[in-house]
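One structure is given below, encoded as structure tokens.
The values are calculated or read from the model by the stated rules, or taken from the named source; none is laboratory data. None of these values were measured; they are calculated from a predicted model. Here the Cβ positions follow ideal geometry from the backbone for every residue, glycine too, while neighbour counts run over all protein chains shown.
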Amino acid sequence: MAGRWLSGQFTPLRHPRAGFTLLELLIVIFIISLISAGFVRVLAGFGGTTLSLEDETRRLHRLLTLTAQQAILQGSEIGLLAEADGYHFVLPIKDYSVAFEDSDLLQYHQLPQGWRLELQQDGQLIPPAEVTIKKEATEKETRQPAPSIIFYSSGEITPFQLRIYAPDHPEPTIIEAKDNGEIEVHFQEPDQ
């Protein structure tokens, strides 16, 4: 047998592959995760207005809570201008004419088409603000209306009730703030 090996006639035994390599498994897991993430996004899109309305309400609630905390940390007031279909967070500089431009979270947000906001304070409907925020340095600066909602550095908030309406949804969702700084969300249950 030693002669066969020395003469070059020895061929090593080849074992058939019994499994996958670690690299192959990682690639398959990565592809499956990409597909499932895309599938979840597609399903979320088919969730209808109800799911989107709840998501948007929760998003705004988190932003309002964050704004209240930021006002305390900065030791400065932050205002909220509620338009008919969007909202702005503004600073008390030059009569609240400066919007948050460097914050990704507190920039202007427009609701989807057909949605609307309704602001109430002390049981009274407050007309929506008509705001034109300066977008470029070359534009003329405009004076903004005073915000109806103010987050104070003391932790207090102007009491309000903000209703978010969406098409094809029977009831609005409601975000309510009390003067002690507590912000609550109310989801209306459809009548069955």
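Can you tell me which residue is modelled with the highest pLDDT among those in segment 110-148 that are of a type in the set (Val, Ile, Thr) and crowded, with 16+ Cβ neighbours inside 10 Å? Before you say what the answer is, go through the steps one by one.
Of segment 110-148, the ones of a type in the set (Val, Ile, Thr) are 126, 131-133, 138, 142.
Checking the rest, the ones that are also crowded, with 16+ Cβ neighbours inside 10 Å come to 126, 131, 133.
On the way: Ile126: 86, Val131: 63, Ile133: 51.
Filtering first and then ranking leaves Ile126.
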- Query: Somewhere in segment 85-100, is a residue at pLDDT 85 or above and assigned to a loop (DSSP other than H, G, I, E, B)?
  - Reply: yes
